Each structure stands twice: as structure tokens, then as C-alpha cells.
Amino acid sequence: MDYSIESTPLEKLQCDCLIVGIYENLQLSPSGALLDQLLKGAISQLAARGDTKGKLNEALLINWLPDMTINRVVLVGLGKQDSLTGKQYRTALAAAIKTIRDAQIKSAVCTLAELPVAQYDWRWKTRQIIEVFGDALYQFKQCKSVVENEFKTEQITVLVPDDQMTASQKGLAEGRAIADGVTLAKYLGDLPGNICTPSFLAEQAQSLGKKLSKLSVDILEEDYMQALGMGSFLSVSRGSRQPAKLIIMNYQGGEKNSKPIVLIGKGLTFDAGGISLKQSLGMDEMKYDMCGGASVIAALQAAASLQLPLNIVGLVASSENMPDGDANKPGDILTSMSGKTIEVLNTDAEGRLILCDTLTYAQRFEPEVVIDMATLTGACLVALGRVPSGLLGNDDSLCNDLLAASETSCDSLWRLPLWEEYQELLKSNFADMANIGGKDAGTITAACFLAKFAENFRWAHLDIAGTAWRTGPNKGATGRPVPLLMQYLLNRSSTLAAR
Ligand code: BES
Ligand code: MN
Ligand code: ZN
């Protein structure tokens, strides 16, 4: 995809397709009104006869304009005529790009950054166009010999007035980096478990390390993890023929001695459940159990391509969880790298077993904060559905920063409590703790387990079980929470700049 910004006045514009807006009261967006003038009222006549109602999520393709250098128009519904919310703006953008995509239009010029949207500026509005369009134009083609309905849209131009060029230029760069990150996270997520193995993820990270400046990548192999005492992590990979990998991505964009932000991702490339085998219905979706890891890789790619002034360490704990003669058995007791012992009551609660040793490992980076993300619990889907990711953590200011970033990025989060009282549910008769907490509050007890390994730093956990992929006929990875992470990192960068 090719994204650019341009300030050509509408009268002089030549393009395949122009995107303008219309509110429910049939008031046109500024560029829409200008175009209407140039067309002697043709657009308002179409609207007056009821061809569009201006409702959100509606878009009308006008396929032919007389005597114009603009070949087509997409008239996007904007709803009630007041300032749009961020989410509504994204809904309108999505309706526009889907219409263009499905009509197989090759290039389009978008005028919608001129709309008033909440408190947002041209930088944000430009960035969102690229994010939303990039999302709609993603297509997983790698494993099909024939791609039906291949998307043909290649070029998007955002129309920007001269005095907003600098702001939009920033939005364009950020939008490209974030959209590329989301695309990478989706691609890795959508790849099947037989291709996207821990070794494959490690190679992907390594090739980014070679390509991007200030980013170095190291892979910890099983023998090294053994020497570190990662008995919990390795107990999971023992049940698989694929060797585990701990991927370390180190981006040094900040000052030499400024403490890093550590991002940890669950990179479980296939979760069969182990001896506590999952039911077969829908088990294919457990190839997505590496989406947390994919998001970490994607965020490091985006941060490095934007050359953010931060130090960021990405740790991806990658393994399969399979049933095997050597796999974890219910009742087994593991010794984690921290020395704490764990009774495995369910081998399907494996994410926390690989993450706990990774959290312990994170300590050596003397982190400013640690944020982990994992498709950790089915219970998160029960509690929150597929709208927000779950947020839990041991530090209010970190959690609030993440909530603020989720608002701005429209990549929503909802905080759940991590109270002392829940810790009891993890008691074990035989070890320091059990790996499950029974049937109640599954998302919280999973986070409680992780919290025991995150006592020495400010830490937040994102449960992305409901948000990392869509199920049903539109099954596919979403690339979340890459936009949220990037917003958090951008916010941190601008706090630094303001100091
Ligand atoms: N990867 C799963 C969580 C999951 C389940 C994500 C469904 C998305 C959809 C995780 O490893 C798991 O199996 N968790 C168990 C925990 C339970 C055994 C305490 C679960 O949620 O069932
Ligand atoms: Mn599992
Ligand atoms: Zn899992």
C-alpha cells in the first residue's frame, strides 16, 4: 500500500475516486459541499432523492461524474451533525474503504481528515485514516494457490491544507508504522501452527534485527534456559517436538542509561492443551495463541521504524503446548526460575507457566515498567467479550497511562481488580502455588499467578484472548493490541520531548 498526503485544491484534483462525507441532515462535509458546487448541485440532489441517509456505517458509491477530472465519489455517512467521537470517525472511515475495496478501485483521495472529531488534530486524524484503511486492505494470501476477490486498492492520498502539512506528515509516518505493525501481527497470527513455529517466530524477529537500526535480536535456546533454571517454561515445551525459543529484541533509541520499557508476549504457536487436551471443536483457533508475541514483535518493528527516543526490550516466550509422553501431567510440580514451586493442576494453563519465567528474566533489564500481553484465559471472553482487552496490574499510574492510550488509539481496555483476596484461590497443598484457581474469576486468578513473579517492578498484564482475533466466517487476527502499545510508546516519547 502506498499512502501519501497532498494539498492540491479540489478544483485541480485528478483522481480515480474522492471520499467526502454527508451528515444525516444531508449537510455535506466542507469538501463535499465544494464538490457539489463544482457539480452544480448533483450530489445534494442525489441525497435529496434519498440515495443516502447519511447514517454512520453507510457509504454510497457514485460511479460516474459528468465533465470531471474526478472519476468517482464515495459519499460516506457521518451520522448526526456534531463532532464525531474517535470511534465514530473510524466507523465512517471503515465504511468508505470497504466500499472502495469491494468496488476494486485502485486509488482514492480521502478528504475526511477535515471533519471535526472530538479533541483530535490533523495528526491523529491522518494517522487513523491509514490505520483503518490498512486494516480493511489486509488479506492473507500466502497459503492460497488461487486468491478470489484479490483486493486491488493500491494508493491512498489524504487531502490536507497547507497549514496542516507538518502535523499530517507526522500522522502519516506514525500511521504507516502502526499499520505495518498491525499487518505483521495479523500475518504471523494467521499463519498456521505448522509453519509459524517458535523457530519461525525467532527467525522473523532476527530478520527485523538485521533490517532495522538500533534493534538487536538474540535468541535464548533451551539449553541456555535450562542453565538459567527456567523449569516452568521448559516443562511446557518438553511436550512438543518443537524447541522453545525465548526471543529477545532490544531497541536502543533512548539515552544509554535510561531504563527500558519491557514488553513481554505469549508466543504459544499452538495450544492443544497438553495432557488436559482441549476439545476438538474450534481447536484450530489455538494457532492464535501466539498473538501476544506477534504484537511484541510488531511493536518493536514499529518503534524502530519510527526511531522512537526510548529504550524498549521485547521478550517473546515461544513454545507449543502438546500432549506427549514427556509432557506435563496434572499433579506435576515444577521449579520456576524464581525458585517458587508450581503444582500443575491443568496442563492447559500453560501460558502463565512460560510467562512466569520470562517475567523473572525481565528483572535483569532493570525495567522502567513491564507490560505483558497474552491470549491467556477463555474466562476473559466470558467477562468482557471481544470488545476490550482485560487490563490488570500492580501499579495504578501505569494502568492509567495504558487506559489513556487505549482511549486515544480506540484499542479499548477494561481494568479488572487484582485484590489480595483472590490470591487464596491459587493455594496448593503440595507446592508454593497451583497453576489454576478453580472455576471462579479465571482472568483474575491467572493475573494473580503472574503477579507473584512481578513483585519487583511496575507491571501490567493485558489479557487479549477476546481481542487478538475474530472468530466465525470472518475469522482472522486483528493485530490488537499493537495500536494501543504504539500509542503508549508515542505518549511516553512526547513526555520525554516535553521535559
Ligand atoms: N490459550 C488459552 C486461553 C484461550 C482460550 C484463549 C480460548 C482464547 C480462547 C489458555 O492457554 C488456556 O487454555 N487457558 C485455560 C485456563 C484454564 C485451564 C484455567 C482456559 O481459559 O480454559
Ligand atoms: Mn492452554
Ligand atoms: Zn494457551
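The numbers here are math on the coordinates, done by the rules we state, and not lab data. Nothing here was measured: the structure is a model prediction, and the numbers come from that model. For neighbour counting, all protein chains shown are included, and Cβ atoms are generated from backbone atoms with ideal geometry for every residue, glycine included.
Tabulated data
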quantity: At 0.692 mPa s and 37 °C, Stokes D of segment 162-312 from Kirkwood alpha-carbon radius, µm² per second; calculated: 194
quantity: Cα-Cα separations in the chain greater than 34 Å, expressed as whole percent; calculated: 38
quantity: Electrostatic dipole magnitude of segment 2-159 [Cβ: Lys, Arg +1; Asp, Glu -1; Cα centre; debye, to 20]; calculated: 280
quantity: Per-peptide average of other Cβ atoms within 10 Å, ordering 78-88, 196-206 highest first; calculated: 196-206, 78-88
quantity: Footprinting exposure proxy for Val146, Val158, Val482, Val369 (fewest neighbouring C-beta atoms within 10 Å first); calculated: Val146, Val369, Val158, Val482
quantity: Percent RCO, i.e. relative contact order, over segment 346-462, from Cα pairs under 8 Å lying at least 6 residues apart; calculated: 43
quantity: Cα-based helix-to-principal-axis angle, 291-305 vs the chain, degrees rounded to 10; calculated: 60
quantity: Amide hydrogen neighbours beyond the local backbone of Ile5, cut-off 5 Å, H modeled; calculated: Val158
quantity: Within the chain, helix-based [θ] at 222 nm, where runs of 4 or more DSSP H residues each add -39,500 (n - 2.57), nearest 500; calculated: -11500 deg cm²/dmol
quantity: Footprinting exposure proxy for Cys399, Cys17 (fewest neighbouring C-beta atoms within 10 Å first); calculated: Cys399, Cys17
quantity: Taking the convex hull of Cα positions in segment 2-159, its mean projected area over all directions (nm²); calculated: 9.3
quantity: Segment 182-494 - percent relative contact order, Cα under 8 Å, separation 6 or more; calculated: 22
quantity: Global geometry of segment 33-112, whether rounded, prolate or oblate, following the gyration tensor of its Cα atoms and the 1.5 cut on a/c; calculated: oblate
quantity: Among Trp122, Gln14, Ala95 - extreme Cα towards positive end, dipole of segment 2-159, charges at beta-carbon; calculated: Ala95
quantity: Antiparallel DSSP beta bridges within segment 182-494, percent to nearest 5; calculated: 50
quantity: Hull shadow area, averaged, segment 419-499 [alpha-carbon convex hull, nm²]; calculated: 8.4
quantity: Theoretical gain in end-to-end length, Asp284 to Met165 [0.36 nm per residue, Cα-Cα removed]; calculated: 38.2 nm
quantity: Magnitude of the charge dipole, the chain, Cβ model with Lys/Arg +1 and Asp/Glu -1, debye to 20; calculated: 740
quantity: Of all DSSP beta bridges in segment 244-344, antiparallel share, percent nearest 5; calculated: 50
quantity: Folded to 0 to 90 degrees: helix 165-190 orientation relative to the chain principal axis, Cα; calculated: 50
quantity: Positive-end residue of Ser207, Ser107, Leu56, charge dipole of the chain with Cβ unit charges; calculated: Ser107
quantity: Mean separation of Cα contacts under 8 Å, 6 or more apart, over the residue count of segment 70-148: relative contact order %; calculated: 33
quantity: Eligible lysines near Lys452 by straight Cα distance, threshold 28 Å, same-chain separation 8 or greater; calculated: Lys245, Lys259, Lys266, Lys278, Lys287, Lys329, Lys340, Lys427, Lys439
quantity: Cβ-based exposure ranking for Asp357, Asp36, in which fewest neighbours within 10 Å come first; calculated: Asp36, Asp357
quantity: Segment 369-423 versus segment 49-88: alpha-carbon centroid distance in Å; calculated: 36
quantity: Local electrostatic count, Gly189, Cβ distance below 14 Å [Lys/Arg +1, Asp/Glu -1]; calculated: 0
quantity: Positive dipole terminus of the chain, leading residue within Gln169, Ile219, Pro417 (C-beta point charges); calculated: Gln169
quantity: Cα-based helix-to-principal-axis angle, 396-409 vs the chain, degrees rounded to 10; calculated: 30
